[in-house]
């Protein structure tokens with residue numbers, strides 16, 4: 001990420017077959033969790049594209065974030081995937 005970037009795009013591969021309701025749980029060390037409910041997902045695509053405005057991403061410090069994808073099913077939540085993002089600040 002560069003300081004002048006406006007948008008961060010993430011590409012996540014996974015098996016989304018049979019999933020009609022997917023939640024995204026975003027965890028950053030030292031902060032409270034954020035949940036995005038009903039993330040649009042194509043069950044046959046095998047990928048999920050995420051777009052995030054840059055002001056929401058901390059640029060000035062190293063950050064480790066976990067992203068959990070949770071299928072919402074009649075029996076409850078099911079973990080579909082767990083991903084870790086390590087960010088190191090940009091230095092010129």
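Values in this text are rule-based calculations from the coordinates and carry no lab data. Not measured: the values here are computed from a predicted model. Methodologically, a virtual Cβ is constructed for each residue, glycine included, from the backbone with ideal geometry; neighbour enumeration extends over all protein chains shown.
Using r as the Cβ-Cβ distance of residue 82 and residue 51, and R0 as 22 Å, what FRET efficiency do you calculate, to the nearest 0.05? Given R0 = 22 Å and the Cβ-Cβ separation, E is 0.60. By the count of other C-beta atoms within 10 Å, a proxy for reagent exposure, 11, 87 are ordered fewest to most as 11, 87. Here the contact order of the range 7-87, divided by its residue count and restricted to Cα pairs under 8 Å and six or more residues apart, works out to 35 percent.
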